[in-house]
Amino acid sequence: MKHKIFGISLFILTAAIVGFFPVLNKSADANIILAKHPRIQLAILLDTSSSMSGLINQTRDQLWQVVNEFSRAKQNGRIPKLEVAVYEYGNNRLSEKTGYIRQVTALTGELDQVSEALFSLTTNGGNEYCGYVIKTAVNDLMWSTSEGDIKAIFIAGNEPFSQGPVAYRDAITFAKNRGITVNTIHAGNLQQGANTGWKDGALLAGGEYMSIQHNHKIAHYNAPQDKQIVDLNEKLNKTYVPYGVKGNEKAKRQLIQDQKSKSISQGLMAKRTLSKATVMYDNSKWDLVDAMAGGSVNLEKLENEALPEEMRTMSKTRQKDFMQQKIKERKEIKKQINELSRERNKYVAEKRIAAAVPGVATMNEALTSAIRKQGESKKYVFETK
């Protein structure tokens, strides 16, 4: 009888272990996948009160430049994944109950979603609660637990840093305990920001304190290569194969964000196109080419309903050939974009030197300089070319 009871107990224990460990194994597998690509996680908290339209425009117009800067980063030879979140705060049209704060997008690697979020922002006078929005971002976002990943909050605004019901010192301590560095960007005079708590916040966080000229309009230089780059972008778009429930919707969003950048200037569109040719621009959740290249989707196991209509009537062999052709086309187009972009960057650099335009501190410099510095302790290397 004892043997029988022992056997039953062992069976129950084994079943429990088998039932429990797949969860652990899934988590372990996820960590292995993540380990292949270290992460740079950025939460950008923007003051959208009445005087901050310049800040919004500057951040929006420099998104792709930031992406291009980070696309040259490596950690121990591994290329990181970039994830960006956007919050707005200090806007009276938002609810007082939530501290006049709104999460515009959670941490995401889908950069068109970030672009869409930035273009959606508008200003309205309000109360700017810096401590409140920092604590909210720390609480709500899915931050990495890996010590090797860069986790950074950038909060930008111009009112005193101490406003609101949440003390900024408590919020920053909360962030530090989660391994998140808080960087402060005062939209205005450097000394004024220091006098109103922005510098103290950064020092307490172990982050960077910076000031920017938020009303400075970003100059997007036009270059001889731009037309070819924009034409290549149109060819690049034709290599995207939307799949899944939201595939077509997200493919439309990609085209809309193209048009928004193009409407500002051809130079900005050229920067966006270069971003689309980098590893940072990953749409594996809706594009079959990226999904297959990254190994997140097995074409043979994908349900027919998840495929685009043009592929549903194809044989498995034809589907495979079709996708291989798309992968090949995209690789070649990206190569051409990168070659032209190198020529373009050289041309623009020479134009800037010839124009002798004085340097102006903007969101791009604030974000990239802080991340480069904070990445050093985590063995990140940022190529300068």
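Calculate, for V381 and N304, the FRET efficiency according to 1/(1 + (r/R0)^6) with r their C-beta to C-beta distance and R0 30 Å; round to the nearest 0.05. Show your work: numbers first, answer last.
Working: r = 44 Å, r/R0 = 1.48.
My answer for the efficiency is 0.10.
Between D61, D47, D287, find the one with the highest GNM mean-square fluctuation for the chain; connect C-alpha pairs within less than 10 Å. Result for the chain, Cα springs under 10 Å: D287 fluctuates most. Result for the chain in a Gaussian network model with C-alpha springs under 10 Å: among V279, V114, V133, the largest mean-square fluctuation is at V279. For the stretch 163-211 and the stretch 323-374, what is the separation of their C-alpha centers, rounded to whole Å? Here the two parts' Cα centres lie 30 Å apart. Within the stretch 301-370, the GluC sites (Glu not before Pro) that combine a DSSP coil assignment with at most 11 other C-beta atoms in a 10 angstrom radius are E303.
Looking at the chain only, what percent of DSSP beta bridges run antiparallel? Nearest 5 please. Spell out each step's value before the answer.
Details: 10 of 36 bridges.
The answer is about 30 percent antiparallel.
Backbone phi angles across the stretch 53-69, fed through the Karplus curve with coefficients 6.51, -1.76 and 1.60 (θ = phi - 60°), yield HN-Hα couplings of 4, x, 5, 4, 4, 5, 5, 4, 6, 10, 3, 6, 5, 4, 4, 5, 5 Hz in residue order; Gly and Pro are listed as x.
Taking 0.36 nm per residue of separation and subtracting the current Cα-Cα distance, fully stretching the chain between R342 and K176 would add 55.9 nm. When the alpha carbon coordinates of the chain are projected onto the principal axes, the ranges are 81, 58, 41 Å, largest first.
The label point for F119 and the one for S162, both projected 7 Å from the Cα toward the Cβ, are 4.2 nm apart. Taking the charge dipole of the chain about its Cα centre, with +1 at Lys and Arg Cβ atoms and -1 at Asp and Glu Cβ atoms, the residue from N177, G193, I44 reaching farthest to the positive side is N177. Available extension along the chain between Q228 and R372 is 48.7 nm, counting 0.36 nm per residue and deducting the alpha carbon span.
Largest mean-square fluctuation among T362, T98, T196, in a Gaussian network model of the chain whose springs join Cα atoms under 10 Å apart, belongs to T98. Legend: Rg and Dmax of the stretch 226-355, from Cα coordinates, 16.6, 58 Å. Sequentially through the stretch 88-103, phi angles give Karplus couplings (6.51, -1.76, 1.60; θ = phi - 60°) of 10, 8, x, 10, 5, 7, 8, 6, 5, 4, 9, x, 6, 10, 9, 7 Hz, Gly and Pro residues having no value and appearing as x. Among F161, F174, the ranking by other beta carbons within 10 Å of each residue's beta carbon, starting with the fewest, stands as F174, F161. Along the axis of the charge dipole computed for the chain (Cβ charges of +1 for Lys and Arg, -1 for Asp and Glu, origin at the Cα centre), the listed residues F119, I327, G267 are led at the positive end by I327.
Read-outs: derived from the displayed coordinates by stated rules, not from any lab. Everything numeric here is computed off the predicted structure, so don't read it as measured data. We place every Cβ from the backbone using ideal geometry, glycine too, and count neighbours over all the protein chains shown.
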